[in-house]
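Peer 1: The structure's right below; bear with me while I get my questions together.
The values are calculated or read from the model by the stated rules, or taken from the named source; none is laboratory data. Predicted, not measured: the structure shown is a model, and the values here were computed from it. Every residue, glycine among them, receives a Cβ derived from its backbone with ideal geometry; neighbour counts consider all protein chains shown.
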Amino acid sequence: MGEKYFDKKFAGFYVWIFLLFWAFPLYPFLHTQGTTIVDSTGQEIILRGLGLGAWLVQEGYQLHIPGYGSPSDIENKIVDLISRESAERFYQKYIQNYVTEEDIKKIAEWGFNSIRLPFHYRMFEPEGQAGIRPEDPFVFLDRVLSWCKKYRLYLILDMHCAPGGQNKDNISDSDGKEARLWTDPIMQDKTVTIWRKIAARYADEVWIGGYDLLNEPVLPSGHSSSELRALYIRIAHAIREVDPHHIVFIEGNWYATDFSGLTPPFDANMVYAFHKYWNETSEGSISNYLNLRNQTGRPIWLGESGENSNVWFSEVIRLLESLRIGWNWWTHKKVETLTSPYSVPISSAYQSILNYWESGGVKPSPTFAESTLMDLAEALRLEHCEFHPDVVDALIREPLEPKGTRVPFKPHPIPGVIPAVEYDLGGNGVAYSDKVVKNTTGSPTSPTHWNSGGKYRNDGVDIESSLHAEIPYNVGWIESKEWLHYTVNVTLSGKYRVIFWTSAVSAGGSIRLWIDEKAKGTVSVPSTGAWKKWDTVTLPDIELVSGDHKIKVEAVQGGFNLLSIEFQLDSAYVPEEHTLEPVNSGLFWGQNFPSPFMDCTQIPLFVSIPQHVQLEIFNLLGEHVLTLYNGECSPGFLSISWHGQNETGRKVAAGFYLCRIQAKGIQKVKKLLFLGTPR
């Protein structure tokens, strides 16, 4: 009886437990399953992430600071200028502003699902790290994690600078001579202790994606890969004492490229993490890592890549996605850069400090230097940064959509002016065609390797400062057969003249215009005498109907610069009622309708560029009758009515009247015939 009672009493409980575990799996953490990474439901997760480099670990190139460029070297330079106390204030503001909740929100909105956070071991040392109080490392990391939870991003913690330095380079904050992590056992003990402390803190945090144990280790001469494996095993065992859940990411020797000695796997929940820079984008370029995945039955992850052109970015990511490999890009923000989504402009004051660090000379005063550095720290906030939509597009939309797709860089209404640098998003052969589009040399280069001017966009198109008052950049170094593609919206059907603003030191260049894949005409580019002296060349009588169109500007013969393409309306066709004629490049008007009229007539206007417009009625003696309109006009159609009245509201006599329009210093006149009020 007792057993039966027990069975009946707990039968419902067993069912409830089963349903609970079915709805809420026992393993809610990101984890490995064979060669894939999966979430709590067993659904495969392709990690698509951004690194937060230059935040807690600064490198010289990220801030344009000359010299060795390690975090300690940068800190020492700043302390030398403004004192230790002032440097602490700067670092506090720098860290506060470099990444905020708004940065994390944007990363999620773009479509990424993970973040790799590089940190310095000094955060966990008694003396602490500049800008972070010794008692606050977890308060700081907890805040970042709370943002990641809110926006559903996995946070991967990356020990970028290990005690003693895991390589002898600036990136690990080594002294430049010795990677002491491998020569001093105390440094290894510290590393193990720090990771155990971190794992104990975050063992139950679902939105921690895992632990990247060592960034880009490089074993010194005379040290074998068995030492790297042994340290990884020590760290993994220490983590598993307090955290059985999270992935451990294992990077190979020689900057995360050589996994010799790191097989077979030594943890049930580990991923091999490789890095990739400045090489080919073919499957063969990662064949060693694919073999590693096949041989070990464990996932691989591109933990760091970037610092190249948009073409290289999208080609690599498209390759990885096709092979079901996750990736993380370096990095989301830097000072004066093209290769990151956000760029912090260099002020003239900050440039003077950089010049001093580079060449010496008169040392900036502490007051000036502190003010300048605090301004830099303020400029790090997202609202002050320059956004590079082309970089985000190359990382997310372009490689995840079918090849050949493109989208507008910006809206381009016609009539109007299109800056040449605002061609579509979509990559080489799709949005533009250029000869040099990426760096596969095996070593870092500046953006001038693929963008000879190093300005505005991270594509193969060569862009430079134009010295023009209204359009700051131009396309330069144009070679024959190169082209640019623009998606435009024609707001008014009609006949247009197309005006190309160009410069050249000698004649011989020529431009062909294509509309919807049909050639519409070719013009020769004359010499303007200098590369920054701009003049126009015009292609007349181009008919366009309202709606979206594909415009291609092709250099039949190169040797010129291109500033802009302007579509000026010569005559517009508004369905059956009237034709519009230009007043200026942004304002068009037509004959009144009905004409003649008895009670009321309409004067049609079309505005493509916002401006002040004045519309008045005069009699044939030149006497003022009425001001119909005097004010600002926004883009669009506008119809102004005249009821045959004067300023007092009285009807005027039948006869001819003059309608005068004035805008931007230009005036035009049309004749109107009023038949009088019907009796």
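Peer 1: Where residues in segment 369-381 are of a type outside the set (D, E, K, R) and over 14 Å from Asp80 (Cβ atoms), which of them is surrounded by the fewest Cβ atoms within 10 Å (Cβ to Cβ)?
Peer 2: Ser371
Peer 1: Using the structure shown, decide if Ser114 is over 27 Å from the mean Cα position of the chain (by Cα), surrounded by 22 or more Cβ atoms within 10 Å (Cβ to Cβ) and hydroxyl-bearing (Ser, Thr, Tyr).
Peer 2: So Ser114 fails the test.
Peer 1: Tell me, please, whether a residue that is within 45 Å of the chain's Cα centre (by Cα) and at pLDDT below 95 can be found in segment 652-662.
Peer 2: No; the residues of segment 652-662 include none that is within 45 Å of the chain's Cα centre (by Cα) and at pLDDT below 95.
Peer 1: Please go through segment 444-457 and pick out each residue that is crowded, with 17+ Cβ neighbours inside 10 Å and outside any loop (DSSP other than H, G, I, E, B).
Peer 2: Pro447, His449
Peer 1: Does Gly42 count as closer than 20 Å to Ile208 by Cα, under 21 Å from the mean Cα position of the chain (by Cα) and either crowded, with 22+ Cβ neighbours inside 10 Å or at pLDDT below 95 (or both)?
Peer 2: no
Peer 1: Just wondering, is there one or more residues in segment 156-164 that are at pLDDT 95 or above and part of a helix (DSSP H, G or I)?
Peer 2: Checked against the condition, which is being at pLDDT 95 or above and part of a helix (DSSP H, G or I), segment 156-164 yields no hits at all.
Peer 1: Taking the options Ala431, Ala469, name whichever one is hydrophobic (A, V, I, L, M, F, W, C), farther than 16 Å from Ser340 by Cβ and surrounded by fewer than 16 Cβ atoms within 10 Å (Cβ to Cβ).
Peer 2: None of the other options fit; the residue is Ala469.
Peer 1: Quick one: which strands (runs of 3 or more DSSP E) sit completely within segment 241-334 and have at least 1 residues that are aliphatic (A, V, I, L, M), modelled with pLDDT of 95 or more and at negative phi?
Peer 2: 247-251, 270-276, 300-306
Peer 1: Right, next: Answer with yes or no whether Val625 is among the β-branched types (Val, Ile, Thr), modelled with pLDDT of 95 or more and surrounded by 13 or more Cβ atoms within 10 Å (Cβ to Cβ).
Peer 2: Judged against the criteria, Val625 is a match.
Peer 1: Check Glu109, Glu3 and return the single one that is at pLDDT below 95 and surrounded by fewer than 12 Cβ atoms within 10 Å (Cβ to Cβ).
Peer 2: Every option except Glu3 fails the conditions.
Peer 1: Then there's this: Of all residues in segment 343-400, which are within 13 Å of His64 (Cα to Cα), in contact (Cβ under 8 Å) with a residue 60 or more places away in the chain and β-branched (Val, Ile, Thr)?
Peer 2: Correct list: Ile346, Ile353.
Peer 1: Checking the condition out of contact with any helix residue (DSSP H, G or I) (no Cβ under 8 Å at 6 or more places or on another chain), outside the structural domain of Asn279 (by TED's automatic domain parsing) and free of Cβ contacts under 8 Å to residues at least 24 places away in the same chain, which residue from Ser446, Ser466, Ser433 passes?
Peer 2: When all the criteria are applied, what remains is Ser446.
Peer 1: Still on this structure: For segment 222-233, enumerate the residues that are surrounded by fewer than 17 Cβ atoms within 10 Å (Cβ to Cβ) and over 15 Å from Asp258 (Cβ atoms).
Peer 2: Of everything in segment 222-233, those that are surrounded by fewer than 17 Cβ atoms within 10 Å (Cβ to Cβ) and over 15 Å from Asp258 (Cβ atoms) turn out to be Gly222, Ala230, Ile233.
Conditions (1) within 29 Å of Pro220 (Cβ to Cβ); (2) in contact (Cβ under 8 Å) with a residue 60 or more places away in the chain; (3) surrounded by 23 or more Cβ atoms within 10 Å (Cβ to Cβ), marked per residue:
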{"residue": "Arg122", "(1), (2), (3)": "yes, no, no"}
{"residue": "Gln129", "(1), (2), (3)": "yes, yes, yes"}
{"residue": "Trp147", "(1), (2), (3)": "no, no, no"}
{"residue": "Ile156", "(1), (2), (3)": "yes, yes, yes"}
{"residue": "Pro163", "(1), (2), (3)": "yes, no, yes"}
{"residue": "Ser174", "(1), (2), (3)": "yes, yes, yes"}
{"residue": "Lys177", "(1), (2), (3)": "yes, no, no"}
{"residue": "Trp182", "(1), (2), (3)": "yes, no, yes"}
{"residue": "Asp189", "(1), (2), (3)": "yes, no, no"}
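Peer 1: Can you tell me which of Gly460, Gly404, Gly416 is within 24 Å of Thr281 (Cβ to Cβ) and surrounded by 21 or more Cβ atoms within 10 Å (Cβ to Cβ)?
Peer 2: Gly460
Peer 1: Which pairs do you get when a residue that is closer than 24 Å to Arg152 by Cβ and outside the structural domain of Ile132 (by TED's automatic domain parsing), found in segment 85-107, comes within reach of a residue that is in a helix (DSSP H, G or I) and at pLDDT below 95, reach meaning Cβ atoms under 7 angstrom, with the pair 6+ apart or on two chains?
Peer 2: Going by the 7 Å Cβ cut-off, there are no qualifying pairs.
Peer 1: Now for a different question. Using the structure shown, decide if Arg512 is modelled with pLDDT of 95 or more and among the basic types (Lys, Arg).
Peer 2: The answer is yes for Arg512.
Peer 1: Tell me which of these Val206 doesn't satisfy, since it passes every other one: (1) surrounded by 21 or more Cβ atoms within 10 Å (Cβ to Cβ); (2) within 31 Å of the chain's Cα centre (by Cα); (3) part of a loop (DSSP other than H, G, I, E, B).
Peer 2: With (1) surrounded by 21 or more Cβ atoms within 10 Å (Cβ to Cβ); (2) within 31 Å of the chain's Cα centre (by Cα); (3) part of a loop (DSSP other than H, G, I, E, B) applied to Val206, the lone miss is (1).
Peer 1: Return the residue satisfying two criteria in turn: it lies in segment 252-295 and is surrounded by 15 or more Cβ atoms within 10 Å (Cβ to Cβ) and small (Gly, Ala, Ser), and of such residues it is farthest from Phe313 (Cα to Cα).
Peer 2: Gly261
Peer 1: When you look at Asn215, is it assigned by TED's automatic domain parsing to the domain that holds Trp301, under 22 Å from Gln58 (Cβ atoms) and touching an Asp or Glu at 6+ places or on another chain (Cβ under 6 Å), yes or no?
Peer 2: Yes: the conditions hold for Asn215.
Peer 1: Tell me which residues, restricted to segment 376-397, are among the hydrophobic types (A, V, I, L, M, F, W, C) and more than 8 Å from the chain's Cα centre (by Cα).
Peer 2: Those that are among the hydrophobic types (A, V, I, L, M, F, W, C) and more than 8 Å from the chain's Cα centre (by Cα): Leu376, Ala377, Ala379, Leu380, Leu382, Cys385, Ala394, Leu395, Ile396.
Peer 1: Next question. Examine segment 181-196 for a residue that is assigned by TED's automatic domain parsing to the domain that holds Leu228 and in contact with a Ser or Thr (Cβ under 8 Å, 6 or more places away or on another chain), and state whether such a residue exists.
Peer 2: Scanning segment 181-196 turns up at least one residue that is assigned by TED's automatic domain parsing to the domain that holds Leu228 and in contact with a Ser or Thr (Cβ under 8 Å, 6 or more places away or on another chain).
Peer 1: Identify the single condition in (1) at pLDDT below 90; (2) polar (S, T, N, Q); (3) surrounded by 20 or more Cβ atoms within 10 Å (Cβ to Cβ) that Ser546 does not satisfy, given that it satisfies every other one.
Peer 2: (3)
Peer 1: Could you tell me whether Gln602 is surrounded by 12 or more Cβ atoms within 10 Å (Cβ to Cβ), under 27 Å from Ser546 (Cβ atoms), at pLDDT 90 or above and not aliphatic (A, V, I, L, M)?
Peer 2: So Gln602 does not fit the description; no.
Peer 1: Looking at the structure I just gave you, is Thr441 surrounded by fewer than 17 Cβ atoms within 10 Å (Cβ to Cβ) and either closer than 21 Å to Asn474 by Cα or at pLDDT 95 or above (or both)?
Peer 2: no
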